[in-house]
Structures are given as C-alpha cells and as structure tokens.
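**Student:** Structure in structure tokens, see below.
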Amino acid sequence: MSGCLHHVALTISPGTEAGVRRFYGELLGLDEAEPDSVPAGSLWFDLADDVQLHLFVDSAAKAIDRSHVCLALSDLQLVLARLAAGGHSVERVDAVNGRERVFVRDPSSNRLELTALLGSGLAAGVHDGGPRADVTRESGKR
C-alpha cells in the first residue's frame, strides 16, 4: 500500500477571510482552488498536483504555538519581499541541511514555516520530495 498527502486543513477566525485570501494568494503566490462545494467562507489553495491547503472558518479557531505547516517555495526571496511589503514580520531561524527557512503567521495566526525548494530539477518538475508551490508568477489571484 502507498499513499501521499492530499490536503492540509487549518482553521481561520471569522472576519479574517479577506486578509487570509490576500496572504495566501497574493503574498505567498498560491492559486486559489475552486472546489465544487465548501462551507461558506472556506478557502482552498493549490499547493501541487492534487495537494491542497483547506482553510475553514471556525469561531473557536485557536493557533497553537509550535504547530505549523511547512511550504517549500520556488522563490523564497520573492515571497519574503512580498511579506515585508505587506507588513508581515517573519521569524528567521537557523537553516537546516543548508535550507533557509523562516516562520510567519497568517492573518488568522496560523503558523507557517517557509523554506526554499532544493534540487537542480525544478524546471522539469522534479524537486526535493515535498509538495511544490510555484510562486514565480506575479500573483496568486484567479
């Protein structure tokens, strides 16, 4: 038997939907997915082929300090510049295995680790094993 990651689901606080959409779409450069049906206010974003990030509105949403999702991005420096321009502060931490990484919180206080994709086969769609988020385009808006 084999398996793979299909999606990650996080909760967001009511009233943060517009800021969350901008954060993941414009600043991180992810494409917003258009599912057949989701609860009102929910946002879905494509991370890679058949891998998605699902964000659900929940009035009891509470970010846990160390829990996080790590996104490996094709242009970390571009995303860091977008975050700075958008007024988001990042926590720089020590590199692991030569990979630069930072932590940031989305507008609903979910903690994200952002790191750079490694490997020489990026153009051919071969990467270092994690879901691929291609953020080299201008914006994630559809």
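Please treat every number below as a calculation from the coordinates, not as lab data. On a predicted model such as this, the values are computed, not experimentally measured, just so you know. No Cβ is skipped: glycine too gets one built from the backbone with ideal geometry, and neighbour counts run over all protein chains shown.
**Student:** Based on the alpha carbon coordinates of the stretch 7-133, what radius of gyration and maximum Cα-Cα distance (Dmax) apply, in Å?
**Tutor:** Here Rg and the maximum Cα pair distance are 14.4, 43 Å.
**Student:** Can you give the net charge of the other residues whose Cβ lies under 15 Å from the Cβ of VAL93, counting K and R as +1 and D and E as -1?
**Tutor:** +1
**Student:** While we're looking at this one, here's another question. Which percent, to the nearest 5, of DSSP beta bridges fully inside the stretch 7-133 are antiparallel?
**Tutor:** Within the stretch 7-133, antiparallel bridges account for around 55 percent of the total.
**Student:** In the stretch 1-91, what trypsin sites (Lys or Arg not before Pro) fall in a loop by DSSP, with at most 15 other Cβ atoms inside 10 Å?
**Tutor:** On the way: sites: ARG21, ARG22, LYS62, ARG66, ARG82; in loops: LYS62, ARG66.
Counting only loop positions with at most 15 other Cβ atoms within 10 Å, the trypsin sites (Lys or Arg not before Pro) in the stretch 1-91 are LYS62, ARG66.
**Student:** Given a Förster distance of 35 angstrom, what is the FRET efficiency for VAL96 paired with SER37, based on the Cβ-Cβ distance and rounded to 0.05?
**Tutor:** Values: r = 39 Å, r/R0 = 1.11.
Efficiency for this residue pair is about 0.35.
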